[in-house]
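A.B. asks: For reference, the structure I am asking about is given below.
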């Protein structure tokens with residue numbers, strides 16, 4: 001119930017401050033073309049990263065609802081470690097798979 005009231009209050013205040021901003025900002029930002037391209041490229045990455053964080057937090061909250069605090073603590077400690085291992089293994093796959101594919105295509109599969 002508290003979460004629902006916070007969401008409602010946030011929505012109400014957002015609409016209010018959009019219609020009646022307390023301070024008028026006369027700040028006009030001008031970006032160069034490379035900066036605009038970088039922002040366009042980075043925006044989907046930002047959205048994806050944010051959604052991934054929300055999914056992790058949701059998993060922790062759901063686990064907390066159904067299990068004890070001890071289980072949630074262990075999950076919260078191990079979850080970042082698993083993500084770190086994925087960061088190490090992922091780039092290896094980007095290098096390994098093309099090399100193996102090239103060797104396979106050249107009928108040199110014995111080197112794999």
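The values are calculated or read from the model by the stated rules, or taken from the named source; none is laboratory data. Small disclaimer: the values here were computed from a predicted structure and weren't measured. All Cβ positions, even for glycine, are placed from backbone atoms using ideal geometry, and neighbour counts span all protein chains on display.
A.B. asks: For segment 25-47, name all the residues that are surrounded by 10 or more Cβ atoms within 10 Å (Cβ to Cβ) and either part of a helix (DSSP H, G or I) or modelled with pLDDT of 90 or more (or both). Steps first, answer last, please.
C.D. replies: So the first thing to find is which residues in segment 25-47 are surrounded by 10 or more Cβ atoms within 10 Å (Cβ to Cβ), and the list is 31, 35-39, 42-43, 46-47.
Residues satisfying the conditions are 35, 36, 37, 38, 39, 42, 43, 46, 47.
A.B. asks: Tell me which residues, restricted to segment 73-91, are under 21 Å from the mean Cα position of the chain (by Cα) and over 20 Å from residue 49 (Cβ atoms). Give the derivation first.
C.D. replies: Narrowing segment 73-91 to residues under 21 Å from the mean Cα position of the chain (by Cα): 75-91.
75, 77, 78, listed by residue number.
A.B. asks: What are the pairs with Cβ atoms under 8 angstrom where one residue, in segment 91-105, is outside any helix (DSSP H, G or I) and the other, located anywhere, is surrounded by 10 or more Cβ atoms within 10 Å (Cβ to Cβ)? Sequence gap at least six, or different chains.
C.D. replies: Close Cβ pairs (under 8 Å, with a partner that is surrounded by 10 or more Cβ atoms within 10 Å (Cβ to Cβ)) do not exist here.
A.B. asks: Now, a different point. For segment 56-67, which residues satisfy the criterion of being exposed (fewer than 10 other Cβ atoms within 10 Å of the Cβ) and either more than 17 Å from residue 3 (Cβ to Cβ) or touching a residue at least 24 places away in the same chain (Cβ under 8 Å) (or both)?
C.D. replies: Residue satisfying the conditions is 66 alone.
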